[in-house]
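Please read the structure below before turning to the comments.
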Amino acid sequence: MQQTTKPTTTTPPTQKLINPRNNKEYFCPVEAAIDVIGGKWKPLILWQLKEEKVIRYNRLQQNLHGVSPRMLTKQLRELEEDGLVHREMYPEIPPRVEYSLTEFGTTVSPIIESLCEWGYEYLEQQRRTADEK
């Protein structure tokens, strides 16, 4: 397995950044991070899992207003494939499926929390700008 040197914030990587799972090449580690946690629903799914620890599919769908069952399933599968989400299926009738963050998935929590803080700051700045007009 090819290792890459971890770049600092001011220096680019010295080797190619390749995801061995899908052989996708990245030109920047931020590009890889956005590929995994970006989009409309993934950050919201990760936020819910961070807050509730373990959550059932139906509850997750209820909490994410506007997500279709197909899209939620697709996003959960991608997060599971990327090692951020654990899916536990119980052999019951009706079937029960629970989702939680993996140990690696918990490492994204500070990023999601920072996005939340930035979102509050952004909305406050927009409110002040609107009040000045």
Go through region 29-48 and report how many residues are without any contact (Cβ under 8 Å) to a residue 60 or more places away in the chain, assigned to a helix (DSSP H, G or I), of a type outside the set (Lys, Arg) and touching a helix residue (DSSP H, G or I) at 6+ places or on another chain (Cβ under 7 Å). 2
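Do we have any residue at all in region 108-120 that's farther than 30 Å from GLN15 by Cα, crowded, with 16+ Cβ neighbours inside 10 Å and not β-branched (Val, Ile, Thr)? Full working, then the answer.
Initial filter on region 108-120 (farther than 30 Å from GLN15 by Cα): 113, 116-120.
From what's left, crowded, with 16+ Cβ neighbours inside 10 Å: none.
No, that holds for no residue.
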Residues of region 63-86 being of a type in the set (A, V, I, L, M, F, W, C) and outside any helix (DSSP H, G or I), in sequence order, are LEU64, VAL67, LEU84, VAL85
In region 94-131, what count of residues is obtained for those that are without any contact (Cβ under 8 Å) to a residue 24 or more places away in the chain, within 22 Å of LEU72 (Cβ to Cβ) and not in a helix (DSSP H, G or I)? 4
Checking the conditions here, which among LYS74, LYS24 is farther than 20 Å from SER114 by Cβ, of a type in the set (D, E, K, R) and at pLDDT below 95? LYS24
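The values are calculated or read from the model by the stated rules, or taken from the named source; none is laboratory data. This is a predicted model, so every value here is computed, not measured. No Cβ is skipped: glycine too gets one built from the backbone with ideal geometry, and neighbour counts run over all protein chains shown.
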